[in-house]
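This report refers to the structure that appears directly beneath it.
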Amino acid sequence: MSKRFIVIGNPISHSKSPEIHQAFAKQADIKVHYHRQYCPNDTDSFHAVVEAFFHGGGDGANVTVPFKQAAHDWCREVGGLTPYARVAGAVNTLFRQADILFGGNTDGPGLIAHLQQLGWSLSGSNVAIIGAGGAARGIILPLLEAGVSNITLANRTVSKAEQLISDCYSEGQLLGGDIGELFATSRTQACAIESLTGHYDIIINATSIGLSDERLPLSDQLSCTAAYDMMYGRPLPFLEHFAAQGAQTSDGYGMLLAQAALSFERWTGHSVDMHTLDL
Ligand code: NDP
């Protein structure tokens, strides 16, 4: 019997998820129906779409802009959250276990999986993240788990970076156990983008500036061994800037594939082999 999945968003017509999941299904030799689900931009409509989908026998849903936080808040109220979703404050993957709705977040683990595929070493590394939106928040816990020794979070609005760190760390410590210990023993500091200076092993652009013609105000005193832009599918001045300094670079397409693979694995139990993917 085939499995049924959707991706819910607004707008949604641009989403590449159906093609990506069909490639995973082909590799796993299973039948999957995965479609784009438009949803009006309000919380009640989002709840109605999710309920109708799962009551109708749906197996799993991806959630994208602008519903990731609404999905988190709803799962927190009526169901459960994975630790990644709790610390991220956002959900990109919905699934049911024993009739309970659960929210997970595979964006951050997807980034780590892609960095590992690229061979970029994380253990003991000094990492800077530029941006303090949902994408930045989702990668803090996976980076700490991967053993980075220091994270600096730079943002145009510094108060948002400070708030993000405070929210992440309080949520992480509430989780207790190994994750609580990670947050209790690590430090992440905030600064303005133009004040980010020195050398980093990896600098990650988690802003949405790539959607505009603007440039990040990067200091001349800033350098890195490797630069990663979560954006993909267009020329990225952030990567060009660091490539000109001799740094390794990557856009975020591999992250998109890896986060999708982790959702697919959660729903179907099939692991995806990225090396033999037909995409
Ligand atoms: P948000 O809207 O939550 O956050 C946007 C961030 O970008 C904020 O920190 C904002 O700063 C900053 N920003 C926006 N415009 C500018 C500018 N002109 N100059 C400086 N900073 C700016 O977005 P998300 O966190 O959800 O997403 C960020 C990016 O990550 C997007 O491009 C998205 O496509 C990408 N992404 C990629 C994924 C993948 O799989 N590859 C997965 C998830 C996200 P301020 O706080 O000051 O407003």
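The values are calculated or read from the model by the stated rules, or taken from the named source; none is laboratory data. Note that this is a predicted model, so its numbers are computed, not measured. Because the Cβ atoms are built from the backbone with ideal geometry, glycine has one as well, and the counts that use them run over all protein chains shown.
A few points about this structure:
- When restricted to residues that are in a helix (DSSP H, G or I), away from the ligand (no atom under 11 Å from the Cβ) and surrounded by fewer than 24 Cβ atoms within 10 Å (Cβ to Cβ), segment 118-142 contains 2.
- Meets criteria (within 11 Å of the ligand (Cβ to nearest atom), farther than 30 Å from Gly57 by Cα, polar (S, T, N, Q) and not in a helix (DSSP H, G or I)) for Thr152: no
- Check on Ala261, at pLDDT 95 or above, assigned to a helix (DSSP H, G or I), among the small types (Gly, Ala, Ser) and more than 10 Å from the ligand (Cβ to nearest atom): yes
- Strands (runs of 3 or more DSSP E) wholly inside segment 23-106 containing at least 1 residues that are under 18 Å from the mean Cα position of the chain (by Cα): 60-63, 93-97, 100-104
- The listed residue being under 16 Å from Leu141 (Cα atoms) and of a type in the set (D, E, K, R), out of Glu181, Glu194: Glu181
- Under the condition of being away from the ligand (no atom under 12 Å from the Cβ), assigned to a helix (DSSP H, G or I) and surrounded by fewer than 16 Cβ atoms within 10 Å (Cβ to Cβ), the residues counted in segment 181-215 number 4.
A quick yes/no check of all residues on (1) farther than 25 Å from Gly269 by Cβ; (2) without any contact (Cβ under 8 Å) to a residue 12 or more places away in the chain:
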position	(1), (2)
Ser13	yes, no
Glu19	no, no
Lys26	no, no
Asp29	no, yes
Val32	no, no
Pro40	yes, no
Ser45	yes, yes
Ala61	no, no
Thr64	no, no
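Per-residue answers, yes or no, for (1) surrounded by fewer than 18 Cβ atoms within 10 Å (Cβ to Cβ); (2) under 27 Å from Met231 (Cβ atoms):
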| site | (1), (2) |
| --- | --- |
| Pro11 | yes, yes |
| His14 | yes, yes |
| Ile20 | no, yes |
| Tyr38 | yes, yes |
| Ala48 | yes, no |
| Phe53 | no, no |
| Gly57 | yes, no |
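- Selection from segment 155-167 of residues that are assigned to a helix (DSSP H, G or I) and under 21 Å from Leu196 (Cα atoms): Val158, Ser159, Lys160, Ala161, Glu162, Gln163, Leu164, Ile165, Ser166
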